[in-house]
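Report on the structure given below.
Read-outs: derived from the displayed coordinates by stated rules, not from any lab. On a predicted model such as this, the values are computed, not experimentally measured, just so you know. Note that each Cβ is placed from the backbone with ideal geometry, even for glycine, and that neighbours are counted across all protein chains shown.
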Amino acid sequence: MFALELARQPRGFALSFRFESPALRPTARRMLALSAYFSIGLAMLALAAVPESRAMAAGVARLAPMEEPATALHPIRPLVTVIRSDPPRVITHTVAPDDTIFTVADRYHVTPQTVAYNNGLTDTNGLRIGSVLQIPTVDAAVYKVQPGDTLESVASKLSSDPTSIADANRLLYEPDNFGVGATIIVPVSDGRFPGFLLRITTAPRSAPFARSLTRAHLLLPVKGGVITQGFFSFHTAVDVAGPYGAPVLASEAGTVAAVGYVNTGGLRICVRHDWGLQTCYYHLSTTRVSEGERVGRGQTIGTIGLTGVTTGPHVHWEASIEGAFVDPLSY
């Protein structure tokens, strides 16, 4: 049989084994018991040596610090999963009998200029029933990349921004999207395409998906102006007084439908807003916009004057929808 002896020494422990011939023939039970005793002895030796082992490990660490593996990964930014929104795309729309450029634009939440520019239309009366329109899902130009084009040159050509173009077309991840002959989307703020004019020859009418449900109220056309006369049956507008020459502002974004002189009203500007309303500004001294031009909310379109029949400098602010006059203050 085996005999296990464990003795403590000044510099550690001494373990010795001694084998004695068994008097009896070994059995499976005796062998199992022998293995158990041997395992217990080793465990006791390991537990007793823990303090010395720790001291030895500390000494080794001081002498030779462990170097980091060459393949260690250090991310330059936090590893965070980001849910990416779908990029802009181009969809098609088949013109129905009741469609206008305004109603189509309102349906897809873009400006009438975006619909017209991308389909070669310069007149609101240019839609043809059954024709198929290409419409980007944001105010943008659908552009085919030409030889020599760069992000900067395309952005300059369409008054856009190189970063916006890169983001809209995922160029950071798919640079081949800007290859010669590729079709890209070039975002254009509020559909203001350089040099593009849209003539309005169709009668105003409210859109079936009118944005008027969620839009802000119309701006007063004169900043700090004073309302001197309201809307009623014999005065189908609101008079807003201000200093002669003061800026006249567009009450909401839209397309300039008319500019010119009319009897009684004098020099005037009319703006067709995307959701169907039209506003007109009379008695102006100067105009700053042209027919077919896209204007933004609060943009200066003219100045207060005394043209036409008037008793003092003011703006005769008129609104209509589907040909009927309405109170602009209610919008």
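Modelled spin labels at Val309 and Ala324, positioned 7 Å past Cα toward Cβ, are 2.6 nm from each other.
A simple spin-label model places the labels of His235 and Thr264 1.4 nm from each other, with each point 7 Å out along Cα-to-Cβ.
For segment 90-191, the Stokes-Einstein estimate of translational diffusion at 25 °C and a viscosity of 0.890 mPa s comes to 172 µm²/s, using the Kirkwood hydrodynamic radius over alpha-carbon pairs.
Give me the net charge of Thr264's neighbourhood, meaning all other residues with Cβ under 14 Å from the Cβ of Thr264; Lys, Arg count +1, Asp, Glu -1.
Here the charged neighbours net out to -1.
Quick one: net charge of Glu293's neighbours, Cβ under 13 Å, K/R +1, D/E -1? Charge balance in the 13 Å sphere: +3.
An ellipsoid equivalent to segment 150-298, defined through the eigenvalues of its Cα gyration tensor, has semi-axes of 38, 16, 15 Å when rounded to whole angstrom and sorted largest first. Simple spin-label model, 7 Å along Cα-to-Cβ: Thr92 to Arg288 in nm? Placing both labels 7 Å beyond Cα along the Cβ direction yields 4.3 nm.
A Förster radius of 22 Å combined with the Cβ-Cβ distance from His109 to Leu197 puts the calculated FRET efficiency at roughly 0.45.
For Val248, nonlocal amide neighbours, meaning residues 5 or more places apart or on other chains whose placed amide H falls under 5 Å from its own, are Ile301, Gly302, Thr303, Ile304.
In this calculation the C-beta distance from Gln146 to Tyr173 is compared with R0 = 25 Å, giving a FRET efficiency of 0.60.
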